[in-house]
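The values are calculated or read from the model by the stated rules, or taken from the named source; none is laboratory data. These numbers were taken from a predicted model, which means no experiment stands behind them. All Cβ positions, even for glycine, are placed from backbone atoms using ideal geometry, and neighbour counts span all protein chains on display. What goes into the accessible areas is simple: the full protein's heavy atoms, side chains included, and nothing from ligands, DNA or RNA. Shrake-Rupley method; radii C 1.70, N 1.55, O 1.52, S 1.80 Å.
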Amino acid sequence: MWRYMLKRLALSVVTIWFIATATFFGMHAVPGDPLTSDKATSAKIRANLEAKYGLDKPLTTQYLVFLRNLSQGDLGISFTQENRRVNDIIREHFPVSATLGILAVVFAGLGGVLWGALTALYRNRLPDTIIMFLVILGISVPSFVIAAIGQLSLVNLNNLAGTSILPVGGWGTVQHMILPAMVLGLSTMAYLTRLMRSSMLEIVNSDYIRTANAKGLPSTQVFSRHQLPNAVLPVVTVLGPAIASITTGGFVVEIVFAIPGLGRYFVQAVQQLDYTVIMGTTVFFGAFLVFMVIVVDLFYGWIDPRVRLD
Amino acid sequence: MRAADAFTPLAQDQAAAISSRPSLSYWQDAWRRLQQNKRAIFSLYLIIGLLAFTFIGPMIWTVDPSSQDVDQISIAPGADRSAILVKDYEPWYGELSEDFVANDNAVGLTFAVAPSTQSVRLSWQAQGERAAGGYRIYRNLFPITAGRSLGLPLAETQSLYFEDRLDLRPIDYYYSVVALNKRGEDSDLVATLSTTVTRVITRREAERRGLLGAAEQVAYGHEFQLKLHPLGTDYLGRDMLSRLMHGARVSLFIGLFAPILYILFGVLYGSVAGFVGGLTDQLMMRFADFVVALPFLLFMILFKVIFGIGPGESGIMPMLVAMVVLLWPAAARLVRGQVLQIREEGYIGASRLLGAKTPYLLLRHMIPNTMGVILVTVTFAVPSAIFTEAFLSFIGMGVAPPTPSWGSMCNEGIKTMLTHPHELIFPALFISVTVLAFNLLGDGLRDALDARMRNRE
């Protein structure tokens, strides 16, 4: 167990190094740099600025400096925002993205398990047909369209009620989070519902369910004690990649709902070629995802004793 | 007993030689199973229809997707496209026309002449001291209810008339005139008037649009039919149907080619890794793990910047390359697993015994035997590639503006969602239907091709 953990951690450090390197050299391959601006700067000013940010040194030196700072957790200072450290930007905006992401994952996970179990219980009957139709819709409609439809119906709902039931955009209170989290989690929920349904149907025919039924357990207990926990396992496996896609997919939702998350910030930084912000955000996101996958794997080993971590 | 008698050959039994069913190859069998799946066949027809829409459509509907019809901007499908011939514009100084009707609202606000797209002329009665600061005129697209803003402030004036010529469309407008107090603030003396503006056209404009010959004599008040736009126009007056057709090219090009390319690369990579095995396999798959760990959308955006989009370029190629670079590992893993399995099969050993070399084994046995799984993967990869294109274009990181794509059309449509929903609905519908069709086809193919997945769901 501990050996496995150590191995995983060592591997994740290498992975993060790879992400950092790919980002660094990718970034520096871009024509132009953050100091290129509309304002005409004299060669002298430019040289001074380059010296200030260390851009006058050879690329390898810059790379080594970047790695050294990264290993100390220092992501540098933003180029376009005076005296703003990237760490501060992340500290300020990441919690917003993370809150949204966590809510969306919880919504998707719970919803997926619930709907999947329901469809399996009512197999080939009306509830199954309706839910599976909605699921296919949820998979096929892009999230920004769902976001737009959600916003539009919220506007109409608020109009109808005469008061603001839920705010249409912005961030701050729990009310602000509900609709974006639902929109963000919807496609994942649809996917998980499908997965849950097929794994439920597979388990219905297994020996231990037959045994449980044969020894006279009430069907509710068979369902809750035997069927459900076993059917949830495949759902947990894909939760890692799901978290990844939700957190990065979040910035479409962030843009539509005007949420001050890290994704929106990233898009802005890319447009301004803000090296440090781009690199910092990418490495941070990458590290976060690597970490989440490890957590999900450990969690999986804990809920399913058959899985041996080694 | 003689030895020859012990081995008398059996009389050939004709019945045993005839199999009960004709033997089917793997692909024939799969095709038969697919045909039984109604949803899959339906989606197959849908995809064929979409391809026809994309490639044959522009030959039938030859409207240029970037030409602007300034008379019909943000027109909903099926909207009235008549325009009435009127005189050229003449300046106005507040005089009332013969068909003027007085109104008895708060400030006596009325239209001096019938409102048209040429101009809307408002006139009202003097309010004396209560309008010491003059009047402010507002225009709104929505009915004004309690607590609602009056809309766009158009002007402030001391006179008792106002002419609006600002970007008039043949839709409903709600005009409000507010009396201003001494400090120039809005007072509660407000009158609102609604109108449906009629579309008009002058002789010169009609000639330029080709609606009227130079020598033709037509009386004022004649009704013209403007150009037909079956699915309406967008916010710049570009034909939606034509843009959807040309956008489909971009979306389907990326949606089909990106998966084919990256899965092809993944297949080669994975089969080599699986076949060679050992340390090479370990190293190759470790590298694939690294690539998987890259945050996908962030790197898609980075790639877009790295490749750069010059003026006049559409930005399709950078997106394609980025997808190939980032998405191959999933296919590689899948194929590697399959190859590891197949490698131990008897027919591989037999082939090797007959002297087959590695490339031959890979191309002749391994890859054809994983073809079913690969095909299913491609089918499921298409919708996600279409989504990715749509996402990126939606946040303005995809194809460059003049090039239409379904994603960028959604991006433009969402801004006018409240007033002209058709600009968002059509591209969104096309994305959804395409994704749906490929998903259903993928389900069908998986059931038909992949024996292990059969009977699930």
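Summary of values
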| quantity | calculated |
| --- | --- |
| Peptides B:109-119, B:74-84 ordered by average Cβ neighbours within 10 Å, highest first | B:109-119, B:74-84 |
| Within a Gaussian network of chain A (alpha carbon springs, distance under 10 Å), most fluctuating of A:280, A:26, A:169 | A:26 |
| Extension gain from residue B:12 to residue B:261, taking 0.36 nm per residue of separation minus the Cα-Cα distance | 84.3 nm |
| Cβ crowding within 10 Å averaged over residues, with B:353-363, B:158-168 ranked highest first | B:158-168, B:353-363 |
| Cα-based reach from residue A:215 at 20 Å (exclusive), listing lysines while leaving out same-chain residues under 8 positions away | none |
| Cα-based helix-to-principal-axis angle, B:367-394 vs chain B, degrees rounded to 10 | 20 |
| Contour minus Cα-Cα distance for residue B:419 and residue B:55 (0.36 nm per residue) | 127.9 nm |
| Pairwise label distance in nanometres, residue B:287 with residue A:91, each label 7 Å out on the Cα-Cβ vector | 4.0 |
| Heavy-atom accessible area order for B:257, B:7, A:144, largest first, 1.4 Å probe | B:7, B:257, A:144 |
| Calculated FRET efficiency for the pair residue B:114/residue B:172, C-beta based, R₀ 22 Å, to 0.05 | 0.90 |
| Residue-level accessible surface for residue A:210, protein heavy atoms, 1.4 Å, Å² | 140 |
| Nitroxide proxy distance, nm - points 7 Å out along Cα→Cβ at residue A:83 and residue A:123 | 6.7 |
| 18 Å Cα-Cα reach of residue B:357 towards aspartates and glutamates, excluding residues that sit fewer than 8 places from it in its own chain | B:344, B:345 |
| Proportion of all alpha-carbon pairs of segment B:84-241 beyond 24 Å (%) | 43 |
| Buried solvent-accessible surface, both chains (A, B), 1.4 Å probe, Å² to nearest 100 | 3700 |
| Tail weight of P(r) past 22 Å, computed on alpha-carbon pairs of segment A:17-154, percent | 63 |
| Per-residue average of Cβ from other chains inside 10 Å of A:135-144 | 6 |
| Share of carbon and sulfur in the accessible heavy-atom surface of segment A:218-265 [1.4 Å probe, %] | 65 |
| Taking only Cα atoms of segment B:147-233, radius of gyration then Dmax in Å | 18.9, 57 |
| Angle in degrees between helix A:275-303 and the longest Cα principal axis of chain A, rounded to the nearest 10 | 20 |
| Backbone HN-Hα couplings from phi across segment B:147-155 [Karplus 6.51/-1.76/1.60, Hz, Gly and Pro as x] | x, 8, 6, 7, x, 6, x, 8, 6 |
| In segment B:295-394, the GluC sites (Glu not before Pro) that fall in loop regions by DSSP, at most 16 other Cβ within 10 Å | B:313, B:344, B:345 |
| Inter-chain Cβ neighbour average for residues B:287-293, partner chain, 10 Å | 5 |
| Gaussian network model of chain A, springs between alpha carbon atoms under 10 Å - residue of A:249, A:263, A:101 with greatest fluctuation | A:249 |
| Gaussian network model of chain A, Cα within-10 Å springs - most flexible of A:147, A:22, A:104 | A:22 |
| Chain B - mean residue ellipticity at 222 nm from DSSP helices (-39,500 (n - 2.57) per run, n ≥ 4, rounded to 500) | -15500 deg cm²/dmol |
| Within 10 Å of each Cβ in B:386-395, the average number of Cβ atoms from other chains | 4 |
| Which listed pairs, of B:227/B:415; B:304/B:415; A:57/B:304; B:182/B:415, have C-alpha distances above 29 Å, in listed order | B:182/B:415 |
| Dipole in debye (nearest 20) - chain B, about Cα centre, beta carbon charges: Lys, Arg +1; Asp, Glu -1 | 2080 |
| Beta bridges per DSSP with both ends in chain B, % antiparallel, nearest 5 | 90 |
| Solvent-free Debye scattering, log10 I(q)/I(0), computed from the Cα coordinates of the protein assembly as shown at q = 0.06, 0.08, 0.12 Å⁻¹ | -0.52, -0.86, -1.50 |
| D (Stokes-Einstein, µm²/s), Kirkwood Cα radius, chain B, 0.890 mPa s at 25 °C | 87 |
| Chain A: calculated mean residue ellipticity at 222 nm from DSSP helix runs of at least 4, using -39500 (n - 2.57) | -25000 deg cm²/dmol |
| Backbone N under 17 Å from the residue B:64 label point (7 Å along Cα→Cβ), restricted to segment B:393-411 | B:402-404 |
| Where a label projected 7 Å from the Cα of residue A:160 along Cα→Cβ would reach, residues of segment A:129-146 with amide N under 17 Å | none |
| Nearest-10 value in Å² for the accessible area of residue A:296, using the 1.4 Å probe | 10 |
| Sites residue B:48 and residue A:8, calculated FRET efficiency, Cβ-Cβ separation with R0 51 Å, nearest 0.05 | 0.60 |
| Radius ratio Rg over Rh of segment A:82-206, counting only Cα atoms, Kirkwood formula for Rh | 1.10 |
| Calculated over chain A: convex hull of Cα atoms, volume per residue (Å³) | 174 |
| Selection of trypsin sites (Lys or Arg not before Pro), segment A:212-274, meeting DSSP coil and at most 16 other Cβ within 10 Å | A:215 |
| Whole-Hz ³J(HN,Hα) from phi, Karplus 6.51 cos²θ - 1.76 cosθ + 1.60, for segment B:257-265, glycine and proline x | 6, 4, x, 4, 5, 6, 6, 4, 5 |
| Accessible-area ranking of B:371, B:59, A:5, largest first, probe 1.4 Å | B:59, B:371, A:5 |
